[in-house]
2 protein chains.
Amino acid sequence: MRTSFRRLTLGALVLLASAGAATAQTATSKIDSVVIRKIYDEALARGQSYENLRYLTTRIGGRLSGSPQAEQAVQWGKTVMEKMGLDRVYLQEVMVPHWVRGAKEKAQVKSSKGKALNLNVCALGGSIGTNGKLKAQVVEVQSLQELAALPAEKVKGKIVFFNRPMNPLYIETGRAYGEAGDQRRSGAIEAAKRGAVGALVRSLSLAHDDFPHTGTMSYHDQVTKVPAAAVSTNGADELSHLLKADPGLTVELEMSCQQLPEVKSYNVVGEIKGSKYPDEIITVGGHLDSWDLAQGAHDDGTGCTQSMEVLRLLKASGLRPERTIRAVLFMNEENGVRGGNKYAELAKAAGEKHLAAMESDGGGFTPRGFNIEADPATVRKVQQWQPLFAPYGSAEFSAGHAGTDIGPLKSQAKALIGYECDSQRYFDIHHTAADTFDKVNRRELELGGASMAALVYLLSKYGL
Amino acid sequence: MRTSFRRLTLGALVLLASAGAATAQTATSKIDSVVIRKIYDEALARGQSYENLRYLTTRIGGRLSGSPQAEQAVQWGKTVMEKMGLDRVYLQEVMVPHWVRGAKEKAQVKSSKGKALNLNVCALGGSIGTNGKLKAQVVEVQSLQELAALPAEKVKGKIVFFNRPMNPLYIETGRAYGEAGDQRRSGAIEAAKRGAVGALVRSLSLAHDDFPHTGTMSYHDQVTKVPAAAVSTNGADELSHLLKADPGLTVELEMSCQQLPEVKSYNVVGEIKGSKYPDEIITVGGHLDSWDLAQGAHDDGTGCTQSMEVLRLLKASGLRPERTIRAVLFMNEENGVRGGNKYAELAKAAGEKHLAAMESDGGGFTPRGFNIEADPATVRKVQQWQPLFAPYGSAEFSAGHAGTDIGPLKSQAKALIGYECDSQRYFDIHHTAADTFDKVNRRELELGGASMAALVYLLSKYGL
């Protein structure tokens, strides 16, 4: 079948595609499977996500909002899309937080008898520094609830150690991440409310290793700010073990991280104008910022390069989309979502009509399908396209959460769509020094871009 | 749902399972989804495939048939299963080929002007050595057919360089491997038939890198034996490039590999006796031998540890299978299939009744489903269980090739079943020095064992 398909010229394909669109506006037509195969062929034979990702991750590297690398990434994204010959490439200005880790980041366990052991820690994003060394006894809890129930004297003056592991029994690891995340997000606030002087949080990971996992945390205006750090899963197990034998041990934490004044940054937007309904917009994006510890490969360099690749695949497949397609590299997903909010705000102010927004922010692993966040009738409408994705193993179309950057568009778009890929390895490296280019497989990444482009093609052709 | 399930005691579960079996022998019952969830929970919380694999790969390592490591692996597999408290653990004697790579393995391109360039090569398994250095000009072809069509003088005295890449457009990489494999398997025979002095084969890989991929090749009794080596994909591209500019270049090949006399080895078998139909046997296996270049992690340490884990998961879940379940660690899949043939031969001689045989030999990546090799009615019968696997992302049940080691059982078993997992990364490392333990993800591996155990549970309960 592929052989005969490949004998078709590009012109013939486009003619066939147009004919299909004319006779079947709401169902799929036979030509759709041919066009989708063509998109996948282009991605597998000549996909450019991987080489783009190589540059972003190994030449620019980690790019936390406000950093020089984030600024380089903006210019890089703009240049890559300008070279694609799109109808329009532009930047959207947005003010972003500027947190820096600083040079000092260290923790030691000191036993009652004076023995010292290094702990693998990293500051959580947004934490204040320790202003010298912070030394205190440790109280271990499994949850915010357990902390709230402790007598005051058990917490006061101590470092609260939140040690609830991610639940290993879920098949989708993102669900376990969501459930364990309250410790990281609110741990410092709840610890300080009870008079603690710091928070130490078990890394959000299903792996047993030495990598501390950073990630955003928050403070409350009415509550004292205390430093918060993540400890590797092995380190957390060790600390818990030591505490059982020696409850009087102390942890000495030293971190020089700090929040600097906000700085100007940008979303990067590339656009193909719709041939028939130019005012109806389909957005596809990932976030350009990443944590500073590594290269931000799976989080979310892959989503950025896949989103740009969607535009390239449509063009290279000779398709002229009926609706306007925008690739957006959002700034500041990790510690503020300022880019996502700004994009929705500008869209609203301009009275734009958003048909759908898609996000890839779960890594660049083998595609499995899509999460659709919309009213039930719209979910079913998208699900009718499932069979077209079965040959590519990407046909799991479920109702569910779509993505953080596109979230602010919810009231403006008919559907938010999350690109879903294999989730087993993602949280092993998420927000760690191990989130590097070598963890990305070329085919898995390019297949993801193809899946996204195929669904964008259908959305553009049939609407919602 | 999982919470209430976890409140059930083990005894209650087993009672429920028995009740289900009594009232519904051919369809699935509600208890099946509960039992399967229990199997997955056990695998995700306490799975032992990963730690078993760590020992096999990092403590024993590569274990080509006839090697001391293969013998160690036999003893290790026997010991692991003996510790499980199975009903029976035993060895099946089988004579296997004993090919050794030797210390010398080297190739250099020498340009007409005398410049030298090292090529990353390895001997193909079974190749004769070069007996000193073999130096010859090179003729590049894309296929056995192209070679057959060349004029005799273009081939005679030369090294034939088979350079057809694996087709990157297939979604299932195994299909591309199958199609490109004739060059490796028959290249030396076809080259020698035309008077060539050696064969150099592009590595069977979809990656662009420097790893040569070994694998079995064959000779024909009536055709001169010539040495055959694989060259890395980067090396193949470079050689092809150089040949265009300098068709007179030579390749100098030196390999000290050789075939030694056959040695005695073993399949390792562990068995749980069926409670109701002890004479009906379900086999689940992987192959214990591996190529010598690396640790044989994904090929096929993972299949071995998963197969043993199936027995452990059934026991740990409190299940007493109705039919007899056997885990088999087959010897010599890579270069002879002697173990697979011996197993079928002994089964036939003993008049055993084989219901089904399952094999895991496609790596230890995230589960996708199963290939079923059986008559159409039996395929449909197995496919009726698909919905039970949907919550685990392992519901792709297709008719198709099941596995090499269980192939000889075809006429004796109602169904052969191949465990299928994500195939994108497999051939990047297959038969190379990169097939190491660190490439295996714990959760992906344990999920695979759970998928296999779940299907074995259903086969045991309902038959075919």
Taking the square root of 5λ for each eigenvalue of the C-alpha gyration tensor of the range B:31-91, the equivalent ellipsoid has semi-axes, largest first and in whole angstrom, of 29, 15, 9
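Where Lys and Arg each count +1 and Asp and Glu each count -1, what net charge lies around A:Ile272 among other residues with Cβ under 12 Å from its Cβ?
Values: positive: A:Arg88, A:Lys273, A:Arg312, A:Lys315, A:Arg320, A:Arg323, A:Arg326; negative: A:Asp87, A:Glu271, A:Glu322.
Around A:Ile272, the charge tally is +4.
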Checked the range A:25-64 against the a/c 1.5 cut and the a/b vs b/c comparison, axes a ≥ b ≥ c from its Cα gyration tensor; verdict oblate
With a Förster distance of 45 angstrom and the Cβ-Cβ distance between A:Lys30 and B:Asp375, calculated FRET efficiency to the nearest 0.05 equals 0.90
Charge dipole of the range B:150-269 built from unit charges on the beta carbon (Lys, Arg +1; Asp, Glu -1), centred at mean Cα; most positive-end Cα among B:Ser218, B:His241, B:Asn167 is B:Ser218
In nm, the gap between the two label points placed 7 Å beyond Cα toward Cβ at A:Tyr55 and B:Ala245 is 2.6 nm
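How high is the relative contact order of the range A:195-286, given as a whole-number percent (alpha carbon pairs under 8 Å, six or more residues apart)?
Numbers: 58 pairs, mean separation 23.3, N = 92.
Dividing the mean separation by the residue count of the range A:195-286 yields 25 percent.
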Inter-part gap, Cα centre of the range A:78-131 to Cα centre of the range B:323-351, in whole angstrom, is 55 Å
Too long for a 23 Å Cα-Cα cut-off, among B:Lys106/B:Lys193; A:Lys110/A:Lys133; B:Lys78/B:Lys276; A:Lys276/A:Lys381; A:Lys83/A:Lys276; A:Lys113/A:Lys225, are B:Lys106/B:Lys193; B:Lys78/B:Lys276; A:Lys83/A:Lys276; A:Lys113/A:Lys225
Loop-resident trypsin sites (Lys or Arg not before Pro) in the range B:386-464 with no more than 15 other Cβ atoms inside 10 Å, DSSP not H/G/I/E/B, are B:Lys410
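Could you work out how much longer the chain between A:Gln137 and A:Asp209 gets when fully extended? Use 0.36 nm per residue separation minus the Cα distance between them, nm to one decimal.
Numbers: separation 72, 0.36 × 72 = 25.92 nm, distance 2.44 nm.
Gain on stretching A:Gln137 to A:Asp209: 23.5 nm.
Where the only charges are on Cβ atoms (+1 Lys, Arg; -1 Asp, Glu), what is the dipole of chain B about its Cα centre, to the nearest 20 debye? Each step should come with its number before you reach the end.
Numbers: 55 positive and 51 negative charges, 103 e Å.
Its charge dipole is roughly 500 debye.
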Ranking B:Ser423, B:Tyr462, B:Pro367 by how far each Cα lies towards the positive end of the charge dipole of the range B:317-464 (+1 on Lys and Arg Cβ, -1 on Asp and Glu Cβ), the top one is B:Tyr462
Here the averaged projected area of the range B:190-294, based on the convex hull of its alpha-carbon atoms and given in nm², is 11.7 nm²
Checked the range B:311-422 with the C-alpha gyration tensor, a ≥ b ≥ c its square-rooted eigenvalues, rounded below a/c of 1.5, otherwise prolate if a/b is larger than b/c and oblate if not; verdict rounded
With the dipole of chain B defined by +1 on each Lys or Arg Cβ and -1 on each Asp or Glu Cβ, the option from B:Ser275, B:His401, B:Leu204 whose Cα lies farthest towards the positive pole is B:Ser275
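Any number yet on Rg/Rh for chain B, C-alpha, Kirkwood?
1.03
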When all Cα-Cα pair distances of the range B:102-256 are considered, the percent exceeding 19 Å is 48 percent
If each part is reduced to its alpha-carbon centroid, the range A:28-70 and the range A:163-234 end up apart, in Å, by 32 Å
Zone reached by a paramagnetic label modelled 7 Å from B:Lys110 Cα along Cα→Cβ, restricted to the range B:130-149 with backbone N below 11 Å, covers B:133-137
Partner aspartates and glutamates whose C-alpha sits under 13 Å from that of B:Lys244, ignoring same-chain residues fewer than 8 away, are B:Glu140
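Treating the beta-carbon of each Lys and Arg as +1 and of each Asp and Glu as -1, no other charges, what is the dipole magnitude of the protein assembly as shown about its Cα centre, to the nearest 20 debye? Walk me through the numbers before you get to the answer.
Values: 110 positive and 102 negative charges, 52 e Å.
With only Lys, Arg, Asp and Glu charged at Cβ, the dipole is about 260 debye.
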Residue-normalised 222 nm signal for the protein assembly as shown, counting each DSSP H run of n ≥ 4 as -39,500 (n - 2.57), nearest 500 deg cm²/dmol, is -10500 deg cm²/dmol
Compactness check, the protein assembly as shown: C-alpha Rg relative to the 2.2 N^0.38 Å globular estimate gives 1.00
With +1 at each Lys and Arg Cβ and -1 at each Asp and Glu Cβ, the charge dipole magnitude of the range B:102-256 around its Cα centre, to the nearest 20 debye, comes out at 500 debye
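Over 25 Å between C-alpha atoms is what I'm after, so list which of B:Lys38/B:Lys461; B:Lys264/B:Lys315; A:Lys104/A:Lys154; A:Lys410/A:Lys439 land there. Walk me through the intermediate numbers first.
Working: B:Lys38/B:Lys461 16 Å; B:Lys264/B:Lys315 32 Å; A:Lys104/A:Lys154 29 Å; A:Lys410/A:Lys439 32 Å.
B:Lys264/B:Lys315; A:Lys104/A:Lys154; A:Lys410/A:Lys439, as the Cα separations exceed 25 Å there.
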Full extension between A:Gln145 and A:Lys264 adds, at 0.36 nm per residue less the Cα distance, a length in nm of 38.9 nm
Distance in Å, no decimals, from the C-alpha centre of the range A:369-447 to the one of the range B:412-464 is 25 Å
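Mean separation of Cα pairs under 8 Å and 6+ residues apart, divided by the residue count of chain B: what relative contact order is that in percent?
Contact order relative to length: 21 percent.
Values quoted throughout were computed directly from the atomic coordinates according to the rules given, and no laboratory measurement underlies them. Just so it is clear, the model here is predicted, and its values are computed rather than measured. Cβ atoms come from the backbone with ideal geometry, glycine included; neighbour counts cover every protein chain shown.
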